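Engineer: I have a structure I would like to understand better, so I am pasting it below and will then ask my questions one at a time.
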Amino acid sequence: MTIANVPPAADILRPHAEQQFAHELAALAAVDDRARPPGWNLSPWAVVTYLLGGTLGDGSIISPKYVGQQRLIEIAVATLATDRALLLLGVPGTAKTWVSEHLAAAISGDSTLLVQGTAGTTEETLRYGWNYARLLAEGPSKEALVPGPVYRGMDRGAIVRVEELTRMPPEVQDALVTVLSEKVLPIPELDSEIAAVSGFNLIATANDRDRGVNDISSALRRRFNTVVLPLPATAEEEISIVSRRVAELGVALALPEVPAAADEIRRVVTVFRELRSGVTDDQRTSLKMPTGTLSTAEAISVVTNGLALAAHFGDGSLQAGDVAGGIVGAVVSDPVHDQVVWREYLEGVVAERPEWADFYEACRQLDT
């Protein structure tokens, strides 16, 4: 059967992890001779290798998906091998969603069982809904039931992802308590239940820095093991992450090739790290901190946008003017407080660095 209007795989803007890295998952499965938990496609060792990268015995190269402490990923994977769910906690931009997607892809071969938490998320979004035409015509029946991601994950024995758990209303969050403690999903309308198949578990992500979050109840939090994902520890680590992801996004977005711009990437990362830490790299000048988090994800966005400007409207090389607008937009999220923070940083730090004269002029032009 053919489906109309489905683009070829090469034209998909953002393939799922299990599609984009199918060759790596296949290579790991071929050499993976270690014990696999019930329902898992790979062993815990292979899942960690897939996340952190490495070279296999047959020479296959596994690219790193996460740059950070190996022990954190090991704890996350070990948690999913038990009967406890996993909560990835951290400020925005610490790769929580990225890690959860790749964990699901490696363990279940399917990262699409996803619930995006918002203020409008309902219990039906998590569990199941109804085909109301059939419900009115036939009454409650299994055929009229529309499974949600949690229902399907339990039925298949797969990993379910819940993004931004703390953005969901508390009563919706607590709908997960029975699922995580009893491993069953009651269906009172049919006087039945769905029991979880081996391999089912849940990965949730949350942060407590954004506005509009709801605390997780103690009853629900006890059902999770929490792993806190930190921001990159060093500037070099963050530069490496930004450089690699920008290169991947450039290919995915089919941006015209722009020569490597290590200096501009380092400058973006330096600005973000100094402002979010409240002190310059040399530890000599204290800085006011903006209201935003200035995460690694935002640095990636600034550089990617700069590459698009350089490719389409510049001379084909990434310049200070290409990233200046993105940096200002990322820093000044509150036009009152952050504008003061940015101007003090611009005049007190950037202006005092002779090697940043081009960046200073580009930022000044944006104020005129």
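Engineer: Need the list of aspartates and glutamates near K142 for cross-linking: C-alpha distance under 17 angstrom, and skip anything on the same chain fewer than eight residues off.
Structural biologist: E124, D155, E189, D191, E193
Engineer: Report the gain in length on full extension from Q365 to R34: 0.36 nm times residue separation, minus Cα-Cα distance, nm rounded to one decimal.
Structural biologist: 113.2 nm
Engineer: Oh, and also: What is the magnitude of the charge dipole of the chain about its Cα centre, with +1 placed on the Cβ of each Lys and Arg, -1 on the Cβ of each Asp and Glu, and no other charges, expressed in debye to the nearest 20?
Structural biologist: Numbers: 31 positive and 48 negative charges, 159 e Å.
Dipole of the chain, to the nearest 20 debye: 760 debye.
Engineer: Can you pull a Stokes-Einstein diffusion coefficient for the chain at 10 °C (1.306 mPa s), Rh from Kirkwood over Cα pairs, as a whole number of µm²/s?
Structural biologist: For these conditions, the coefficient is 69 µm²/s.
Engineer: Taking the dipole about the Cα centre of the stretch 183-245, with the C-beta of Lys and Arg at +1 and of Asp and Glu at -1, give me whichever of V228, T205, I187 is farthest to the positive side.
Structural biologist: With unit charges placed on the Cβ atoms, the residue in question is V228.
Engineer: At E189 and T55, where each label point lies 7 Å from the Cα along Cα→Cβ, what is the point-to-point distance in nanometres?
Structural biologist: With each label point 7 Å from Cα toward Cβ, the separation is 5.7 nm.
Engineer: Out of all DSSP beta bridges in the chain, what portion is antiparallel? Express it as a percent rounded to 5.
Structural biologist: That works out to approximately 40 percent antiparallel.
Engineer: In the chain, if the dipole is taken from +1 on Lys/Arg beta carbons and -1 on Asp/Glu beta carbons about the Cα centre, which of V150, A35, L89 is farthest to the positive end?
Structural biologist: In the chain, that residue is A35.
Engineer: Helix-only estimate, please: 222 nm mean residue ellipticity of the chain, summing -39500 (n - 2.57) across DSSP H runs of length 4 or more and dividing by its residues, to the nearest 500.
Structural biologist: Numbers: 17 runs with 168 residues, N = 368.
It lands at -13500 deg cm²/dmol.
Engineer: Relative contact order of the stretch 69-228: what whole-number percent is it, with Cα pairs under 8 angstrom and at least 6 residues apart?
Structural biologist: Dividing the mean separation by the residue count of the stretch 69-228 yields 34 percent.
Engineer: Hey, could you get me the Stokes-Einstein D for the stretch 123-227, Kirkwood radius over alpha-carbon pairs, 37 °C and 0.692 mPa s, rounded to whole µm² s⁻¹? Could the numbers behind the result be given before it?
Structural biologist: On the way: Rh = 14.7 Å.
The Stokes-Einstein estimate is 223 µm²/s.
Engineer: Another question, then. Can you pull the one-decimal nm distance between simple spin-label points at A137 and S218, each 7 Å off the Cα toward Cβ?
Structural biologist: Spacing of the two 7 Å Cα→Cβ label points: 5.1 nm.
Engineer: Another question, if that's okay. Mind putting a number on the dipole of the stretch 12-168 about its Cα centre? Charges go on the C-beta only, +1 for Lys and Arg and -1 for Asp and Glu, and I need it in Debye to the nearest 20.
Structural biologist: Working: 14 positive and 16 negative charges, 48 e Å.
That gives the stretch 12-168 a dipole magnitude of about 240 debye.
Engineer: Given a Förster radius of 41 Å and the C-beta distance between E236 and V197 as r, what FRET efficiency does 1/(1 + (r/R0)^6) yield to the nearest 0.05? Let's see the in-between values first.
Structural biologist: Numbers: r = 44 Å, r/R0 = 1.07.
That pair, E236 with V197, gives E of 0.40.
Bear in mind that the values in this text are calculations on the coordinates, not laboratory data. All figures in this text were calculated on a predicted structure; none of them were measured in a lab. Here the Cβ is made from the backbone with ideal geometry for all residues, glycine too, and neighbour counts use every protein chain on show.
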